[in-house]
1. What FRET efficiency do you get for Ala79 and Ala276 if R0 is 30 Å and r is their Cβ-Cβ distance, rounded to the nearest 0.05?
2. ³J(HN,Hα) across segment 263-269 via Karplus (A = 6.51, B = -1.76, C = 1.60, θ = phi - 60°), whole Hz, x for Gly/Pro?
3. Counting other Cβ atoms within 10 Å, which chymotrypsin sites (Phe, Trp or Tyr not before Pro) in segment 101-185 have at most 15 and lie in a DSSP loop?
4. For segment 212-248, which GluC sites (Glu not before Pro) pass both filters: DSSP loop (anything but H, G, I, E, B) and at most 13 other C-beta atoms within 10 Å?
5. Just Leu83, Leu250, Leu241 to compare: in a GNM of the chain, with alpha carbon springs under 10 Å, which one fluctuates most?
6. Please identify the GluC sites (Glu not before Pro) of segment 123-232 that satisfy two criteria: DSSP loop assignment and at most 11 other Cβ atoms within 10 Å. Which are they?
7. Among Trp32, Leu241, Pro213, whose Cα projects farthest towards the positive end of the dipole of the chain, with charges put on the beta-carbon of Lys, Arg (+1) and Asp, Glu (-1)?
8. Quick one: if the Förster radius is 22 Å, what FRET efficiency do Arg265 and Lys29 give, using the C-beta to C-beta distance and rounding to 0.05?
Amino acid sequence: MKFGQFNLYIVRECTFKLDGGAMFGVVPKTLWEKVSPADELNRVPLACNLLLIETPHGRVLVETGMGIRWSEKEKERYALKPLIDGEAPLRSLGLSNEDIDFVIISHLHFDHCGGAVRLENGSLVPTYPKAKYYIQKGEWDLAHNANPRAKGSYRLDDFEPLAKAGCLTLIEGDSQVVPGVAVKVSGGHTGHHQVVTFSSGGERGVYFADIVPTRFHLPPPWVMGYDHFPLASCQIKSVLLETAHEEGWLVVFDHEMGVPWGRLRAAADKRFEFLALPEETLSFKLPVKSQS
């Protein structure tokens, strides 16, 4: 999709399922199941939606998804269904792993950075070998010193190889990655969780990551049980949604099963409704290769 001088692409990396109670926190099941029905194991369907931003200053990939380094037992637990080639995740866009210049990871939970590395000749190496990976230093520190409640969401093998390969950039606070693409520390989901903002040619947008994972999480009180600081999530979500609505931002949801990007509309009860863009905005054309 054209976005000012940028081109935006959604890459649906996988579908998976997580416990509905964990995804909707203190919201009663009688409410959340009306919009996101659970299966017989109380799991709700989710997706990993990666955002590729092509800018005049390089290609930026937001998130890396679950990856493919999962046992059969784990795949069954999460009902994990990869939808792309795990060895070459952007092949459908006509891009190789070497074509990515920057990777932004909102936080280091396995469903966001599981695809950051891949197995090659028995060793874990960066999936995108020429890219700089941007992660908050506070998140990195937390992942290595997580308490028992948080520890289960981190797999050190997902991100430690990045440091060994010398491609890791640890940032502290709000930062610009390339002109028009920046990260903003939101906290909430984890203490140093970051959202991604992007702007070009008068257009503005935000990738919420796990502050607003799906369109069903738009009401500020509907925060996840996974959130380390749910009250902070509620607060920053209210601010981001209000700004995105007032300024007409494109909003992107990382775990939405439907069309994951669109605009916000104010409802009569002071809540926001999500207006998804047409499904054809998710389509793309492969680059035309010259004949030699």
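The numbers here are math on the coordinates, done by the rules we state, and not lab data. Because the structure is predicted, anything quoted here is derived from the model rather than measured. Cβ sites come from the backbone with ideal geometry, for glycine too, and all protein chains shown count toward neighbours.
1. Details: r = 24 Å, r/R0 = 0.79.
FRET efficiency, Ala79 to Ala276: 0.80.
2. 10, 10, 10, 6, 8, 5, 8
3. Details: sites: Phe102, Phe110, Tyr133, Tyr134, Trp140, Tyr154, Phe159; in loops: Tyr154, Phe159.
Passing sites in segment 101-185 do not exist.
4. Numbers: sites: Glu242, Glu246, Glu247; in loops: Glu247.
Counting only loop positions with at most 13 other Cβ atoms within 10 Å, the GluC sites (Glu not before Pro) in segment 212-248 are Glu247.
5. Of the options given, Leu83 has the highest mean-square fluctuation.
6. Numbers: sites: Glu139, Glu172, Glu203; in loops: Glu172.
In loop regions of segment 123-232 (DSSP not H, G, I, E or B), the sparsely surrounded GluC sites (Glu not before Pro) are Glu172.
7. Towards the positive end, the residue furthest out is Trp32.
8. On the way: r = 27 Å, r/R0 = 1.23.
The calculated FRET efficiency here is 0.20.
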